[in-house]
Structures are given as structure tokens and as C-alpha cells.
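Asks: I have a structure here, written as C-alpha cells, and I will follow up with some questions on it.
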Amino acid sequence: MRVLRTAAAVRAARAELAPPVGLVPTMGALHEGHLSLLLRARGECGSLVASLFVNPAQFGPGEDFARYPRDEERDCRLFAEAGVDLLFAPALEEIYPSGHATTVAVTGAEERPEGRSRPGHFAGVATVVTVLLSLLAPDRAYFGEKDAQQLAVIGRLVRDLALPVEVVACATVREPDGLALSSRNVYLSVEGRRQALSLSAGLRAAEAAFAGGMRDAEQLRGLVSERVSSQPLAVLDYVSLADGEMRGEIEGAVSAEAVLSVAARVGGTRLIDNVRLRP
Ligand code: AMP
């Protein structure tokens, strides 16, 4: 595995990569969720490129940028074991050169629940993803469904800017008890982790009710919020039931594919999760 640190070096190396080139962008602190993206891309692509960059622009003031888990040595070993050919691990100024003044904003992202809760987050994501896609020019880019609104924002961005890349959505990887894997799970206490299960349990309950014929959006959202709100360490941020592209909230009956998502703080750690409901 080659580890490259500068924009100039990855641009130069791009020409030597066997097509199709697959890209898996990450912020490191790798877990099985990241590995599933890498494994899938490895199987589908001639070359596998990954990026490791904790992007300050997608963290708001008071969020966990400074304490976000970082262990580059361990990550490098895991990237290499997953068959990564080229790892791009840039310093800040390679992504945001001196005088950087351009932000990519996807209209509407800030009006949806996750964007409303994290002002500036999706502009930070859209900007860094645009830079990575421009530098690495992958044929395919792999993202997790775990970050459902992120996936929707990137899909929109790629279509709107006519970027020549296929966005590949990968299923959420969970612990055996249902907890969605996240780099932030390491912040949870034993009791916090137990109560964090209420997010996936609530989503599963709603999924089961939906399979049993429940179609009322408010009732489905209620099944999730009930479970999360009953946990003393949990502070519910939102429960959302949106259309498949997450453009707007569903009121009344669900009649087409929809995304049920939840965000909560558990003992101070912000967690998100979602499931797709298909009639
Ligand atoms: P991050 O390092 O958190 O920015 O995540 C990098 C990529 O891994 C993103 O596309 C995430 O959606 C994806 N990812 C994170 N957690 C999971 C998970 N539990 N299952 C599948 N993909 C995930």
C-alpha cells in the first residue's frame, strides 16, 4: 500500500491505477463498517483508494473534532489488510490550501433534520468530498447508508455537478445486538451503550410494525421516539420519516420507499441510525 500525503502526489499517482478505481473516504478510527465498504470496493474495482482525513469543516463549534478518535498506525494496518492500493492521508493544507474560499453547499440540506441539528456540517462534507473526487477521480465512490442524509447529499451533489463517478451505497453494519457501528461508540460508557440500543430497537420496532401494515408516519415515528425517550441517559434530537431521497418529511400515510432516521445524545455522545422502509 502506498501512503501519499500531498495533493500533487495523488494526482500524479492516479494515472497508474488500474480501472475501475474505487474510493472509500473515511475519517479513520476504522471499524467493521468501514471495512465492509473497503471489502466491497476491493471486490468490485481494479484499484482501491482510501482516504483518511478528519475534516474540521464538518464539525461544528462544541462538537468533538479535537477529541475525535485518531490512531493512524492501526488504521494504516487495517487499510493495508483490506487490500488498499493507495491511501491518501493529507495534512489540512493539502485539502484547504492557503486562501481557501470555496464551499460547496447542497441547497435544502440544512432544512432536513440532520442538517438543522448540525449547521454547516453538510457544507463541510460536500466540500471535502468534492475535493477528494476531484483529486482522486475515482470511477466509483463508496459510502455507508448509516449516514443516510450524507448519502443523499452526496448523490445530489454528484448529479448536480455532473461528476463522472458512480456513488455506491453500502448497507449499515451492526453489532450482533443491533447497535450500528460508529467511531463514536468508543465514547459510550457500559450503561450508555446499553441505552444506546434504544435507537436500533426503536427502528426495528417501527420496521416490524410497518411490515405488519402500519403506514401512519406519525405512529411510526412515535414508536422510535418512545423507546429512545424512555432511556434516562438519552436525549432525543429527532425522529424523521422522509421520502427515499430524504427531501422532505412524510405526513400521513407512507406509500413509497421511505427512510426512518433517528438522532440522540446518549450520555453526551451523539448517535444516529436509520432504516429504509419498503412497502
Ligand atoms: P466516517 O469515517 O465516519 O466518515 O465514515 C466513513 C464511511 O463509512 C462513510 O461512508 C460512512 O457512512 C461509513 N460507515 C460508518 N459507519 C458505518 C456502518 N456502521 N456501516 C456501514 N458504513 C458505515
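Asks: Specify which of the listed residues (ALA50, ALA29, ALA80, ALA41) is part of a helix (DSSP H, G or I), within 15 Å of the ligand (Cβ to nearest atom) and either surrounded by 13 or more Cβ atoms within 10 Å (Cβ to Cβ) or within 19 Å of the chain's Cα centre (by Cα) (or both).
Replies: Unique residue meeting the criteria: ALA41.
Asks: For segment 53-65, give me each residue that is of a type in the set (Gly, Ala, Ser) and not in a loop (DSSP other than H, G, I, E, B).
Replies: Within segment 53-65, just ALA57 meets the criteria.
Asks: Determine whether LEU188 is touching a residue at least 60 places away in the same chain (Cβ under 8 Å), over 30 Å from HIS100 (Cα atoms) and either within 10 Å of the ligand (Cβ to nearest atom) or more than 15 Å from the chain's Cα centre (by Cα) (or both).
Replies: When the stated conditions are applied, LEU188 passes them.
Asks: Which members of segment 216-273 meet the condition of being within 20 Å of ARG193 (Cα to Cα) and assigned to a loop (DSSP other than H, G, I, E, B)?
Replies: SER230, GLN231, PRO232, LEU233, GLY267, GLY268
Asks: Let me ask another. Residue by residue through segment 209-233, note down the ones that are of a type in the set (S, T, N, Q) and farther than 17 Å from VAL259 by Cβ.
Replies: Those that are of a type in the set (S, T, N, Q) and farther than 17 Å from VAL259 by Cβ: SER229, SER230, GLN231.
Asks: Only residues that are assigned to a loop (DSSP other than H, G, I, E, B), β-branched (Val, Ile, Thr) and out of contact with any Ser or Thr (no Cβ under 6 Å at 6 or more places or on another chain): list them for segment 161-181, please.
Replies: Listed by number, the residues that qualify are VAL165, THR172.
Asks: Within segment 145-162, take every residue that is farther than 15 Å from GLN58 by Cβ and not basic (Lys, Arg) and give me the one that is nearest to the ligand (Cβ to nearest atom).
Replies: The selected residue is GLU145.
Asks: Can you tell me how many residues in segment 14-26 are in contact with a Lys or Arg (Cβ under 7 Å, 6 or more places away or on another chain) and surrounded by fewer than 19 Cβ atoms within 10 Å (Cβ to Cβ)?
Replies: 1
Asks: Name the single residue that is surrounded by the fewest Cβ atoms within 10 Å (Cβ to Cβ) among those in segment 215-235 being over 14 Å from ALA201 (Cα atoms) and hydrophobic (A, V, I, L, M, F, W, C).
Replies: VAL235
Asks: Give the residues of segment 140-174 that are surrounded by fewer than 15 Cβ atoms within 10 Å (Cβ to Cβ) and of a type outside the set (A, V, I, L, M, F, W, C), sorted by residue number.
Replies: Hits for segment 140-174 are ARG159, ASP160, PRO164, GLU166.
Asks: Just the residues that are free of Cβ contacts under 8 Å to residues at least 24 places away in the same chain and not in a loop (DSSP other than H, G, I, E, B), please, taken from segment 66-77.
Replies: Across segment 66-77, the qualifying residues are GLU73, ARG77.
Asks: I'd like the full set of residues that are more than 10 Å from the ligand (Cβ to nearest atom) and either in contact with a strand residue (DSSP E or B) (Cβ under 8 Å, 6 or more places away or on another chain) or hydroxyl-bearing (Ser, Thr, Tyr) (or both), limited to segment 8-26.
Replies: VAL10, ALA13, ARG14, LEU17, ALA18, PRO19, PRO20, VAL21, GLY22, LEU23
FYI, it's all coordinate maths here, none of it is from the lab. Everything numeric here is computed off the predicted structure, so don't read it as measured data. As a convention, Cβ positions derive from the backbone with ideal geometry for all residues, glycine included, and neighbour counts pool all protein chains shown.
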